[in-house]
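Worksheet: the structure to be examined is printed underneath.
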Amino acid sequence: MISRKMLAVPALPGSFRKRVCFAIVFVVVLALSPISAYAEGETVMVNHPEAKIRNGPATSYIVLWKPRLYTPLEVLAKFTDESKQLWYIVRDVEGDVGWIHYSTVEKKVGAIVTSKTTNVMKEPKGNSQVLFQAPKNYTFKVVQSNSKWYKVEDPDGDKGWVSNPDVWTGRTPQVKKSAPEPASSGKK
């Protein structure tokens, strides 16, 4: 028999501890639930301003984070609960994983800025007029694309073109996380 003490997560840094706890819950739910495998390359975009990423497939689970409108998410698997509600297990640009209800996403392409800033251009050319600059983690809905550029619209309705390497759409390689800051030695 498994005791509570055996399932206890040792003292770890906050973010890492959350991931370990989520991984344990994920594995348990995966083992006990009817989850269907995802279609390779499937992505969704957040389409509801009150969307929430949770640590399980129900509104009773803890909210891990609230994604911005148009945030792209990679679908890892799908789950239908007892009340026939569909939930997606998703991964974001940083590699964080959680559950989101199907009603808060749609199968369209979103984009999130992965560079420090990116220029939103009037036309899909490097020498085009800069309409505005979008900071890292700014989100867009993709309305058109070609091999090097995405025509995007932000939540305020502003439109322009962004360079493909400056954004993540859930289909391109994910941004690598930077190394964690070294722990303080306590000396001043």
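Report the gain in length on full extension from Lys116 to Asn164: 0.36 nm times residue separation, minus Cα-Cα distance, nm rounded to one decimal. Write down the numbers at each step before the final one.
Numbers: separation 48, 0.36 × 48 = 17.28 nm, distance 1.42 nm.
Contour length minus the Cα-Cα distance gives 15.9 nm.
For the peptides 56-62, 138-144, what is the packing order when you average, over each peptide's residues, the other Cβ atoms within 10 Å and list the highest mean first? Numbers along the way, then the final one.
Values: 56-62: 14.9, 138-144: 19.9.
Sorting 56-62, 138-144 by mean packing, highest first, produces 138-144, 56-62.
Counting Lys and Arg as +1 and Asp and Glu as -1, what is the net charge of the other residues whose Cβ lies under 12 Å from the Cβ of Trp149?
Numbers: positive: Lys122, Lys125, Lys148, Lys151; negative: Glu123, Asp166.
In short, +2.
Could you go through the stretch 112-119 in sequence order and give the Karplus-derived ³J(HN,Hα) for each residue, using 6.51 cos²θ - 1.76 cosθ + 1.60 with θ = phi - 60°, rounded to whole Hz, and x for Gly and Pro?
So the Karplus estimates, Gly and Pro as x, are 10, 5, 10, 8, 4, 8, 9, 7 Hz.
Starting from the Cα gyration tensor of the stretch 111-168, take the square roots of the eigenvalues, sort them a ≥ b ≥ c, and report rounded, prolate or oblate (rounded when a/c is under 1.5, otherwise prolate if a/b is larger than b/c, else oblate).
Details: a/c = 1.20, a/b = 1.16, b/c = 1.03.
Rounded, because the longest to shortest axis ratio a/c is under 1.5.
Mind ranking 75-84, 161-170 by how tightly packed they are, going by the mean number of other C-beta atoms within 10 angstrom, highest first? Can you show the working numbers first?
Numbers: 75-84: 13.8, 161-170: 19.4.
Taking the mean over residues of other Cβ atoms within 10 Å, the ranking is 161-170, 75-84.
Just so you know, all these numbers are worked out from the coordinates, no wet-lab data involved. All values reported here derive from a predicted model rather than from experimental measurement. Please note: Cβ atoms are built from the backbone with ideal geometry, for glycine as well, and neighbour counts cover all protein chains shown.
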